[in-house]
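So the structure is just underneath, and the comments pick up after that.
Quick note: the coordinates plus some simple rules give every number you see, no bench work behind them. None of these values were measured; they are calculated from a predicted model.
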Amino acid sequence: MAEIFTESMALSAGLLEINPWVIVLIMIWDMVWRGIALWKAARNNDQWWYIALMVVNSIGILGIIYIFLFSKKKESVAKEQ
């Protein structure tokens with residue numbers, strides 16, 4: 001099991017040595033999606049989603065899921081009223 005972890009870390013380190021801009025691009029990607037998702041969660045008063053989006057580091061995946069699947073429900077309800 002330790003060998004798999006060591007190989008994974010070596011692969012990650014090799015990727016960073018080849019192109020350190022990959023990390024910068026991932027950070028920008030995450031900040032954009034997280035910012036939009038946090039804004040929508042705050043506007044919809046989704047406290048638990050807001051906390052989850054702040055705590056969980058998912059490289060933007062959790063933010064995208066919230067934006068496209070869960071934030072639509074409350075926006076459509078608000079428009080109907």
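Per the Debye formula with a single identical scatterer at each Cα and no solvent contribution, what log10 I(q)/I(0) holds for the stretch 19-80 at q = 0.12, 0.17, 0.26 Å⁻¹?
Evaluating at q = 0.12, 0.17, 0.26 Å⁻¹ gives log10 I(q)/I(0) of -0.31, -0.55, -1.02.
With a cut-off of 8 Å between alpha carbons and a minimum separation of six or more residues, what is the relative contact order of the stretch 19-80 in percent?
38 percent
Report the extension gain between Ala42 and Leu25 in nm, rounded to one decimal, defined as 0.36 nm multiplied by the number of residues separating them, less their alpha carbon distance. Write out the running numbers ahead of the final one.
Values: separation 17, 0.36 × 17 = 6.12 nm, distance 2.57 nm.
That works out to 3.5 nm of additional length.
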